[in-house]
Amino acid sequence: MCIILARNSLIRRSAVLASELRDNMMNIRMMPIGTSFGKLNRLVRDLSKDLGKEVEFRIEGAETELDKSVIEQLNDPLVHIVRNSIDHGIELPQERQAKGKPAKGTITCSAFHAGAYVIIRIEDDGAGLNKASILAKAREKGLISGDVSLSDREIFNMIFMPGFSTAQVVTNVSGRGVGMDVVKRNIENLRGSIDINSQPNTGTIITLKLPLTLAIIDGLLVKISDGYFV
């Protein structure tokens, strides 16, 4: 009996030590997301100057920690999203003033923890997504029929289709149909999700939901016949 109790105690102690080791290793892998946000400052400054726009870039929740491997793979999607916000979202100063807005637009990147996930939001106070233009392009490409009825969410999600672009002129920044489909694919490869909410002349919010780490996930191990499933 004493041998059994000692063995059970040793097993429990080993499990605690293994759990502590796992947590310590995870803490070593964690980095503040501000390292990625900070790299976007120059992009915003240079691109807004090239496009003749005035943009203020704000960062919130820079201390929010995320797995280093996730942060490394998040850089390209963030660049694509911010470029689109400046090019398609933020209007020219004179256009903003005609709408009663400040001449300088604002793009805010924020992050916070939500359970086992990190929520990242890229928000601009620009023109918002043009549903009419998106639907027209979708009909032009034969993606939808003329009389179909779609929700705002379904319309907005069309921008993630490969080759989809509403830009009238092809430039180094837009019109090539390359970008948002890559963003969606990269986020899904990180076991995350992406969502869009937009209001005309108010702005657009793109929300990324990402797991804290790719190294460890909780799972339930089930045995069925001779097979094991997680």
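The values are calculated or read from the model by the stated rules, or taken from the named source; none is laboratory data. Small disclaimer: the values here were computed from a predicted structure and weren't measured. Cβ coordinates were reconstructed from backbone atoms using ideal geometry, including for glycine residues, and neighbour counts include every protein chain displayed. Note: areas computed on protein heavy atoms with side chains; ligands, DNA, RNA excluded. Shrake-Rupley method; radii C 1.70, N 1.55, O 1.52, S 1.80 Å.
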Selection within segment 130-159 - in contact with a strand residue (DSSP E or B) (Cβ under 7 Å, 6 or more places away or on another chain) and open to solvent by 70 Å² or more (accessible area, probe 1.4 Å): none
Val118 vs. criteria open to solvent by less than 80 Å² (accessible area, probe 1.4 Å) and touching a Leu at 6+ places or on another chain (Cβ under 6 Å): yes
Matching residues, segment 37-68, being farther than 11 Å from Ile86 by Cβ, open to solvent by 60 Å² or more (accessible area, probe 1.4 Å) and touching a strand residue (DSSP E or B) at 6+ places or on another chain (Cβ under 7 Å): Asn41, Glu56, Arg58, Ile59, Glu60, Glu63, Glu65, Lys68
Odd one out for Ser193 among (1) at pLDDT below 85; (2) in contact with a helix residue (DSSP H, G or I) (Cβ under 8 Å, 6 or more places away or on another chain): (1)
Answer residue from segment 96-143, given it is part of a strand (DSSP E or B) and among the charged types (D, E, K, R) and is nearest to the chain's Cα centre (by Cα) among those: Arg121
Within segment 72-100, tally of residues that are open to solvent by 10 Å² or more (accessible area, probe 1.4 Å), free of Cβ contacts under 8 Å to residues at least 60 places away in the same chain and over 15 Å from Gly52 (Cα atoms): 5
Residues that are closer than 24 Å to Gly192 by Cα, out of contact with any strand residue (DSSP E or B) (no Cβ under 7 Å at 6 or more places or on another chain) and open to solvent by 50 Å² or more (accessible area, probe 1.4 Å), drawn from segment 101-115: His113, Gly115
